[in-house]
Amino acid sequence: MSAPKVKYTKIFIDNNWVDARSGKTFDTYNPHDGSVIAKVAEGDKADIDLAVAAAKRAFHRNSEWRLMDAAERCKVINKFGDLLLRDAEYLAQLESYNNGMVLNFARHFIAMNVDHIRYIASLADKIQGDTIPARGDLFTYTLKQPIGVCGLILPWNGPIVMFTWKVCAALAAGCTVVVKPAEQTPLTALALAALLAEAGVPPGVVNVVPGFGPGAGSSLTHHPDVAKISFTGSVEVGKLIQQAAGASNLKRVTLELGGKSPLVIMDDADLNKAVPYAAQAIFSHQGQICIAASRLFVHSKIYDEFVKKAVEYAKTIKIGNPCEPTTQHGPQVDTEMMTKILGYIEKGKKEGAKLLAGGKRVGNTGCYIEPTVFADVTDDMTIAKEEIFGPVQSILKFDTLEEVIDRANNTNYGLAAGIFTNNVENVLQFSKHVEAGTVWVNTYMEFGPQAPFGGFKESGIGRENGINGVEAYLEVKTVAINMSKKL
Ligand code: ADP
């Protein structure tokens, strides 16, 4: 595959492409070989100020956007979906090129995203309040109104998906936005901004400012005219964002943070199904997924057989250039992440886990790590406690459901969980007691736009997707009308 053409590298404000006020740029890379793809405008506080001002103008009560019918907003978002479909192959290639995402995975995500857009668009004209039976002489009802200017801070692991989830929910609610893509992967967000303008989103409604966290990101979170931040990323930065909200204007925050998600394989599970699911739950996208099943608890009765099959499976995964259609396993996003993951693998070995597959960097160029399997992992080991965000399957042993529920919950995270079993009692007890925002049964990592997504505990605050996801961009206003005049 030849390299996809990079069309946009500047800041997008008011539907125009502009340089950073400082004139600065930063390099963005191809993780396959470390080569520089393009120089991208480096936004900072001055650019965030301009973007927020544009978003504020676009949110004015008399603006084109605020006066637009909800049904028209629905059409504009749907048109964006049409354009995404039109450019799907180009965007999949660009995602693969800038992020290292395996091409087929990027294609699959984009197809899913189009469904997502259709669903969110359909909610735009169904935002309605209640009439409330209050006092007889007080007619009371609620209005659900867009919060205002929203700052959307994106991670690098799913640039197109994260952009779409956040931007479309905010637009369905009638908000205006300033997007700050991750510094590692700015290119697809800029390409999507161009599609939104083509779809008919008025100037200022969607603005995109590439740049770094402490500069552009932090300016957005502290900005007094930003009413809400939706963030996906690390727990550390999530905490900084909540502090910034408190220190500035108490802006609302939705945080989708990390995970150390447990996947439990009971002794009655169908291993022909459980083994590949468990592998895909940790190796998909090279483990760079917040819901990755990074603690795999396997029942002692089937432990040895499961481990043997898991190792065999990991060894079949085809590693290679992510842009090649047959590749199953591409590079990590950058050298920093690769080094961090290799450090975790070393810790796993040192702390006594049994390395049965992988464990090494592949070659000397690019950021490739072999799919790695550790058995005999115990709860106190670093690889069982910390989020690795890499292709490292850690297999732990358990004896009873009660025990595994307690161990699964013994973490500050609570994003996702899964169980493979054919026993309904196991399903009901596990799904009731496990502390996680999403619980999968006899499957893993399956999403629909209709279902809310988010975390318990330090895995986040609030929910994205579903009706809850749009409501996160709305304020509820109660109106009480005096009707005491007697007729
Ligand atoms: P990761 O550790 O996976 O790279 P981060 O949480 O560091 O994830 O980054 C996720 C997003 O948050 C990126 O867009 C990054 O630029 C942004 N970010 C990082 N630091 C800050 C900060 N202090 N304030 C706001 N955004 C930030």
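Worth a mention:
- The alpha carbons of the range 1-125 stretch over 49, 38, 17 Å along the principal axes, in descending order.
- Once backbone amide H atoms are built at 1.01 Å from N, Gly418 has Leu263, Val264, Trp440 as its partners under 5 Å, excluding neighbours fewer than 5 places away on the same chain.
- For the chain, the longest principal axis of the alpha carbon atoms and the long axis of helix 88-99 meet at an angle near 60°.
- For q = 0.13, 0.14 Å⁻¹, Debye-computed log10 I/I(0) when each Cα of the chain counts as one equal scatterer: -1.21, -1.35
- For the chain, carbon and sulfur atoms together expose 52% of the accessible surface, with a 1.4 angstrom probe and every protein chain in place.
- Extension gain, Glu198 back to Thr326 (0.36 nm per residue minus Cα-Cα distance, nm): 42.8 nm
- Once the Cα-Cα distance is subtracted from the 0.36 nm per residue extended length, the Ala111 to Trp17 segment shows a gain of 31.1 nm.
- At an R0 of 45 angstrom, the distance between the Cβ atoms of Tyr141 and Glu425 translates into a FRET efficiency of 0.50.
- Percent RCO, i.e. relative contact order, over the range 223-342, from Cα pairs under 8 Å lying at least 6 residues apart: 20 percent
- The protection proxy used here, the mean number of other Cβ atoms lying within 10 Å of each residue, ranks peptides 255-265, 331-341 as follows, highest first: 255-265, 331-341.
- Restraint check, Lys180/Lys239; Lys273/Lys397; Lys315/Lys432; Lys273/Lys349; Lys309/Lys360; Lys39/Lys260, Cα-Cα greater than 26 Å: Lys315/Lys432; Lys273/Lys349; Lys39/Lys260
- Residue-by-residue Karplus 3J(HN,Hα) for the range 407-412, coefficients 6.51, -1.76, 1.60, Hz, glycine and proline x: 5, 4, 7, 7, 7, 7
- Extension gain from Asp380 to Asp69, taking 0.36 nm per residue of separation minus the Cα-Cα distance: 106.4 nm
- Within the range 379-487: Cβ-based charge dipole about Cα centre, in debye rounded to nearest 20 (Lys, Arg +1; Asp, Glu -1): 860 debye
- Rg and Dmax of the range 314-440, based on Cα coordinates, read 16.6, 50 Å.
- Residues of the range 473-487 with amide N under 17 Å of a point placed 7 Å along Cα→Cβ from Ala134: 476-485
- Normalised contact order of the range 262-441, rounded percent, pairs of Cα under 8 Å and 6 or more residues apart: 27 percent
- In order along the range 105-117, the phi-based Karplus estimate (6.51 cos²θ - 1.76 cosθ + 1.60, θ = phi - 60°) of 3J(HN,Hα) comes to 5, 5, 4, 4, 4, 5, 4, 4, 5, 5, 4, 4, 4 Hz; Gly and Pro are listed as x.
- Spin-label model distance (nm) - Lys486 vs Phe26, 7 Å beyond Cα toward Cβ: 7.1 nm
- Enclosing the Cα atoms of the range 11-257 in their convex hull gives a volume equal to 131 cubic angstrom per residue.
- Against the main long axis of the alpha-carbon atoms of the chain, helix 235-247 sits at an angle near 20°.
The values are calculated or read from the model by the stated rules, or taken from the named source; none is laboratory data. Because the structure is predicted, anything quoted here is derived from the model rather than measured. With ideal geometry, Cβ positions are generated from the backbone for all residues, glycine too; neighbour counts draw on all protein chains shown. These accessible areas exclude ligands, DNA and RNA; they are computed on the full protein's heavy atoms, side chains included. Shrake-Rupley method; radii C 1.70, N 1.55, O 1.52, S 1.80 Å.
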